[in-house]
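Data first, discussion second: the structure below is written as structure tokens.
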Amino acid sequence: MNPSPRFAVVGHPNKGKSSVVATLSQNDRIAIALEPGTTRDHQEYPLTVDGRTLYTLIDTPGFQRPRRVLEWLQAHSHSAADRPETVSAFVTQHQNDPQFHDECELLTPIIAGAGIIYVVDGSVPYSRAHEAEMTILRWTGRPSLALINRIGPDDHTATWQAALGQYFQIVRQFNAVTARFDQHLSLLRAFGQLQPEWEQPLERASQYLQDERQHRRDESARLITEALISMVGWQELQTTATVPDDSDRLRIESKLKDQWYAHQRQSEQSLRRSIERLYGHHRIVVDGDVLEQSDKDDLFSQASRDYWGVSRQYLATAGFGAGALGGVGIDALTLGHSFGAGALIGGLIGAAGSYFYGDRLLPKLSIGPLDGSLQQIRFGPILDPQFGYVVLGRAINHWWRVSERNHAGRDPVTLGPAEDHWLERLTSADRSRLQRLFDLARRKREPDAKTRIQATAAVGSAMSAFGDWQSSSG
């Protein structure tokens, strides 16, 4: 089997080479800095899926003395036929010369057989100073492609396009920080046009990446579903040998309540880290959005609710909170022995009660015999039926931004509030499956395999609905 394709990413310092490598290798651990000279030695970054290397990106230092290198090459070449050998001779003769360290480092993988990806900044004017670099690369005789990576606000793309087309087989515009997944795949196919033996490996790589992306999406849906089951049904427990009096009850309730909130925040953060790792992101910072405890009797602050994608008013009018106030109240009064009849009645009452009385649907403290003289004090599960949708919306909001995020991105992820109603895109069947999952979790009944599968599919539909809504809202 032929080795996987290798590509050396080269160019002038500080023009986005490392960003291109981070994007195409899906590796956010690559150092990206504004100061020239961040990369001093060439470094290899293979893109591996299921233990198989699809291709390798090689990050290189920038050109430092291209004119002097070209002068040496021209002085030692006798004809066009010996130019690749002349470049190899330059590297052999100067590999220990400090003044040509960077040029030798960037040329070494190329003369060893790597293809060339030449990166320029389309926001700065083209100048003839770059022609020495491009001439040196052309002398290597290796397949080459140029990327115009516009970093700043100005646009000199047209001039660059005309100049680069004279030196490189393919010229593409490619913003390394904002490029979407489909642009990544398109670029892979362009690489395949450079050399016949690369076409099939890179087509296979494209298919592997598409399959991996679907796997990540499916696994994200499963992770979100499991988090929903855990968070909606969570209880904080404490065992005591005596029945607490009123003062002890208030103290214990405050303690368990704080623990319950802390657990929910930790669970959400754990879900986020799992999804980020699933997509190969290890440095993401989410800009200040955590589940905040309300100072009032509401479950969480309005800011926390605002960031999950649907307003409480919409839940009330659209029926997503059905089975809320009436059902929970009846079940509570009958100590849970109504076998769900209360929730059914609550469903007929509708979501209006959930909205207007939602502030009263916090978890309650309950005390019951455990074993002998021991008493078990419980805080939870959550009574507010909207909580599951809060968790779902916030999780999907985060997932979508992670799944669309480029591995060259270094800015914090901002989970902005959403005012439109993306949940209305769900079918009634998906709504019912989600509601059933929440009801079971709230009653501490373990969902069976079929319910889990159906709920995971409904979460997947919600992910699609959110993505479609984001696309349509621009």
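The values are calculated or read from the model by the stated rules, or taken from the named source; none is laboratory data. Model, not experiment: these values are computed from the prediction. Please note: Cβ atoms are built from the backbone with ideal geometry, for glycine as well, and neighbour counts cover all protein chains shown.
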message: Would you confirm whether or not segment 240-248 contains a residue that is among the hydroxyl-bearing types (Ser, Thr, Tyr), part of a helix (DSSP H, G or I) and outside the structural domain of PHE438 (by TED's automatic domain parsing)?
response: no
- prompt: Counting residues that are under 22 Å from the mean Cα position of the chain (by Cα), which helices (runs of 4 or more DSSP H) fully inside segment 120-235 reach at least 3?
  reply: 181-192, 196-232
task: Would you mind stating whether LEU164 is farther than 13 Å from PHE7 by Cβ, at pLDDT 95 or above and assigned by TED's automatic domain parsing to the domain that holds ALA22?
output: yes
- request: State whether one or more residues within segment 118-136 are assigned by TED's automatic domain parsing to the domain that holds VAL21 and at positive phi.
  value: no
query: Looking only at residues in segment 395-429 that are basic (Lys, Arg) and at pLDDT 85 or above, which one is surrounded by the most Cβ atoms within 10 Å (Cβ to Cβ)?
result: ARG405
Matching residues in segment 215-250 - criterion: being within 18 Å of ILE382 (Cβ to Cβ), of a type in the set (D, E, K, R) and touching a residue at least 60 places away in the same chain (Cβ under 8 Å): GLU236
- line: By residue number, the members of segment 75-105 that are part of a helix (DSSP H, G or I), of a type in the set (D, E, K, R) and surrounded by fewer than 17 Cβ atoms within 10 Å (Cβ to Cβ) are ASP82, GLU85
Selection count where residues are touching a Gly at 6+ places or on another chain (Cβ under 9 Å) and under 14 Å from VAL20 (Cβ atoms), scope segment 49-64: 2
Tally of residues being surrounded by fewer than 23 Cβ atoms within 10 Å (Cβ to Cβ) and in contact with a helix residue (DSSP H, G or I) (Cβ under 9 Å, 6 or more places away or on another chain) across segment 106-115: 3
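Listed here are the residues, each with its yes/no results for (1) outside any strand (DSSP E or B); (2) in contact with a helix residue (DSSP H, G or I) (Cβ under 9 Å, 6 or more places away or on another chain); (3) at pLDDT below 90.
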site	(1), (2), (3)
MET1	yes, no, yes
VAL9	no, yes, no
LYS15	yes, no, yes
SER18	yes, no, yes
VAL21	yes, no, yes
ASN27	yes, yes, yes
GLU35	yes, no, yes
ASP41	yes, yes, yes
ARG67	yes, yes, no
message: Out of everything in segment 158-179 that is of a type in the set (Val, Ile, Thr) and in contact with a Gly (Cβ under 7 Å, 6 or more places away or on another chain), what residue ends up being surrounded by the fewest Cβ atoms within 10 Å (Cβ to Cβ)?
response: VAL177
query: Going through segment 116-145 one residue at a time, which ones are of a type in the set (Val, Ile, Thr), surrounded by fewer than 22 Cβ atoms within 10 Å (Cβ to Cβ) and either in contact with a Cys (Cβ under 7 Å, 6 or more places away or on another chain) or at pLDDT below 95 (or both)?
result: VAL124
